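Encoded as structure tokens, the structure appears first; notes follow it.
The values are calculated or read from the model by the stated rules, or taken from the named source; none is laboratory data. These numbers come from a predicted model, not from an experiment. Every residue, glycine as well, gets a Cβ built from its backbone with ideal geometry; the counts of neighbours run over all protein chains shown. Side chains are part of the model used for accessible areas, which takes the heavy atoms of the whole protein and leaves out ligands, DNA and RNA. Shrake-Rupley method; radii C 1.70, N 1.55, O 1.52, S 1.80 Å.
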Amino acid sequence: MKFSNLSEIASYIVADGKGILAADESNPTCKKRFDTISVESTETNRRDYRELLFSSKGMSENIGGVILFDETIRQKTELGQSLVDLILESGALPGIKVDKGLNPFNGSEVETLTQGLDDLDERCSEYAELGAKFTKWRAVINIGDEIPSQECIDANMEALAKYAKIAQKNGMVPIVEPEVLINGSHSIEDCYDATSRSIKSLFDYLKSYDVDITGTILKPNMVTPGSESEQRASVEEVAEMTIKCLKETVPNELPGVAFLSGGQTEIESTQHLDMMNKIGGFSWKLSFSYGRALQQSALNAWLGKLENKSAAQDAFAHRAKMNKLASLGSWSADLEK
Ligand code: 13P
């Protein structure tokens, strides 16, 4: 695959019903996921699990990009092929998480600032050599008493803009991820407010750092009530409020928006995305960049056992297909049976 500019790479990743597989869990997060199925998080088990996903028939047609963690971009399959080549063979592009996680923001106990800018240029240059075509940086915004503060939003969004500029300088598309966490008892209106402030600030900074928006992908949360909220929102409400929020903040020239699942169930993530695409009326591709919502069933089918490999690959292929359909607004509940 040859690309002449960043905008072609970005458009390829979210072309015609394709989305992104987020498989960039850090080793501690991977351990958390493996603990739920009582599998030890060794380097080989992590490799076997990811090799299983990347060689599933669910990759081609449905997945345009895979986000990797530092360890994975350097790994080889059991037979000695690099995982990067395995992904390319399926028709998807390899990408890499480049942020270094969260530190307290200004000594706060609840607000955080994402780290990783110091040696980012050197690391990006190495990742480009290793075959990465795009990158990801995740900022985390919490909702609670008196938060998010505008200062914390702005500091995180400025870091995202600095990161995006460096990624583009190294020839890779930046995925900019301002995740407003679902955790908490807040209302859908509170989520709307925090999401809208974050995305607005983000595009202001991207503009002031002269980031090429046509070579960028936005990875936001959907607008939902908090996970401990008493409030219930219908599929239509989530879809309508999310679209409204994006239309007010996202420039038309952005090629794609690829949502995170953020703790929604597999079905909710698919259903919400599908409804948004059924409603339509926006210029960008609206697709997925799911971690848990693409992997949960596969992980549960796998259980770390070789004999479960093909069942796990089928489970992943099913979710990938369902989300492809959702990104085209062509999903329906009866397809889940
Ligand atoms: P989830 O879809 O599990 O939220 O993961 C997406 C991701 O990459 C978070 O950074």
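Quick notes on this structure:
- In the set (1) surrounded by 19 or more Cβ atoms within 10 Å (Cβ to Cβ); (2) within 15 Å of the ligand (Cβ to nearest atom), T265 fails one condition alone, (1).
- Scan of the stretch 202-225 for residues that are surrounded by fewer than 21 Cβ atoms within 10 Å (Cβ to Cβ) and either within 16 Å of the ligand (Cβ to nearest atom) or on the phi > 0 side of the Ramachandran plot (or both), ordered by number: D210
- First in the stretch 13-39 and farther than 18 Å from W302 by Cα and among the polar types (S, T, N, Q), second anywhere and in a loop (DSSP other than H, G, I, E, B) and within 15 Å of the ligand (Cβ to nearest atom), Cβ under 8 Å, 6 or more apart: S26/F69; S26/G101; N27/F69
- Condition met for K247 (within 16 Å of the ligand (Cβ to nearest atom), of a type in the set (K, R) and at pLDDT 95 or above): no
- Against the conditions (1) assigned to a helix (DSSP H, G or I); (2) in contact with a Leu (Cβ under 9 Å, 6 or more places away or on another chain); (3) away from the ligand (no atom under 16 Å from the Cβ), Y49 satisfies every one except (3).
- Of all residues in the stretch 124-141, those that are open to solvent by less than 40 Å² (accessible area, probe 1.4 Å) and not in a strand (DSSP E or B) total 5.
- Exactly one residue among D85, D16 is open to solvent by 50 Å² or more (accessible area, probe 1.4 Å) and modelled with pLDDT of 95 or more, and that residue is D85.
- Count of the stretch 268-289 residues which are within 16 Å of the ligand (Cβ to nearest atom) and either of a type in the set (K, R) or open to solvent by 40 Å² or more (accessible area, probe 1.4 Å) (or both): 2
- The set of residues in the stretch 1-46 being hydrophobic (A, V, I, L, M, F, W, C), more than 16 Å from the ligand (Cβ to nearest atom) and not in a loop (DSSP other than H, G, I, E, B) consists of L6, I9, A10.
- Any chance A233 is open to solvent by less than 10 Å² (accessible area, probe 1.4 Å) and away from the ligand (no atom under 16 Å from the Cβ): no
- The set of residues from the stretch 247-256 being in contact (Cβ under 8 Å) with a residue 60 or more places away in the chain and either open to solvent by 30 Å² or more (accessible area, probe 1.4 Å) or not small (G, A, S) (or both) comprises just one member, P255.
- As for the stretch 297-316, it holds no residue that is crowded, with 19+ Cβ neighbours inside 10 Å, within 17 Å of the chain's Cα centre (by Cα) and over 24 Å from Y49 (Cα atoms).
- From the list V39, V98, the one residue that fits, being open to solvent by less than 60 Å² (accessible area, probe 1.4 Å), on the phi < 0 side of the Ramachandran plot and touching a strand residue (DSSP E or B) at 6+ places or on another chain (Cβ under 8 Å), is V98.
- Conditions (1) under 25 Å from T224 (Cα atoms); (2) surrounded by fewer than 20 Cβ atoms within 10 Å (Cβ to Cβ); (3) in contact (Cβ under 8 Å) with a residue 24 or more places away in the chain; (4) more than 16 Å from the ligand (Cβ to nearest atom): number failed by E146: (3)
- Pairs are defined by a Cβ separation below 7 Å, a sequence spacing of at least 6 or placement on different chains, a first member in the stretch 232-246 that is more than 13 Å from E189 (Cα to Cα), and a second member that is open to solvent by 30 Å² or more (accessible area, probe 1.4 Å) and aromatic (F, W, Y); the pairs so defined are I243/F282; L246/F282.
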